[in-house]
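Asker: Sending over a structure as structure tokens; questions will come in a sec.
The values are calculated or read from the model by the stated rules, or taken from the named source; none is laboratory data. Just so it is clear, the structure is predicted and the values come from calculations on it, not from any experiment. Neighbour counts run over all protein chains shown; Cβ positions are idealised from the backbone, glycine included.
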Amino acid sequence: MKRYMEFEELLAAFFMAYFYYGKIKYGSREYSEARLGSMTAYKSVMQLYKPFLLKRERVLRDQIVQRFIYLQEKAEALADDEFKRVFLETLAKVDPRRRLQES
């Protein structure tokens, strides 16, 4: 397992979230809690990666994982409803720890 995440990997993770956010936002006009939950999750992931992209350097994976854990803890504190369920499911899809196990 690599200790650092290279700039190109950060960029790829950011734009994956950016693509899925746009796909969900512009792919449907109906309003639902599930749609809003997944859009918010992808937007949060983009905000998680953005400060690291501005540095244009490699970053310790632990820093990203710590921020992701913080984001998950905040999501766990939400009221139990469809929004929270979809938000947590979407976060699980883009979890950087899961990507570490695959590589």
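Asker: Going through 36, 54 one at a time, which residue ends up being assigned to a helix (DSSP H, G or I), loosely packed, with under 12 Cβ neighbours inside 10 Å and not acidic (Asp, Glu)?
Answerer: It is 54.
Asker: What is the number of the single condition among (1) modelled with pLDDT under 90; (2) more than 11 Å from the chain's Cα centre (by Cα) that residue 84 does not meet?
Answerer: (1)
Asker: Any idea which residue in region 57-74 is surrounded by the fewest Cβ atoms within 10 Å (Cβ to Cβ), counting only those that are over 17 Å from residue 5 (Cβ atoms) and charged (D, E, K, R)?
Answerer: Looking at residues that are over 17 Å from residue 5 (Cβ atoms) and charged (D, E, K, R), I get 73.
Asker: Another question, then. Just a yes or no: is a residue in region 14-30 at pLDDT below 90, surrounded by 13 or more Cβ atoms within 10 Å (Cβ to Cβ) and in contact with a Lys or Arg (Cβ under 9 Å, 6 or more places away or on another chain)?
Answerer: yes
Asker: Among the residues of region 21-31, write down those that are of a type outside the set (Gly, Ala, Ser) and either touching a residue at least 60 places away in the same chain (Cβ under 8 Å) or over 29 Å from residue 58 (Cβ atoms) (or both).
Answerer: The initial filter retains those residues of region 21-31 that are of a type outside the set (Gly, Ala, Ser), namely 21, 23-26, 29-31.
Once the filter is applied, which keeps residues that are of a type outside the set (Gly, Ala, Ser) and either touching a residue at least 60 places away in the same chain (Cβ under 8 Å) or over 29 Å from residue 58 (Cβ atoms) (or both), region 21-31 yields 24, 25, 26, 29, 30, 31.
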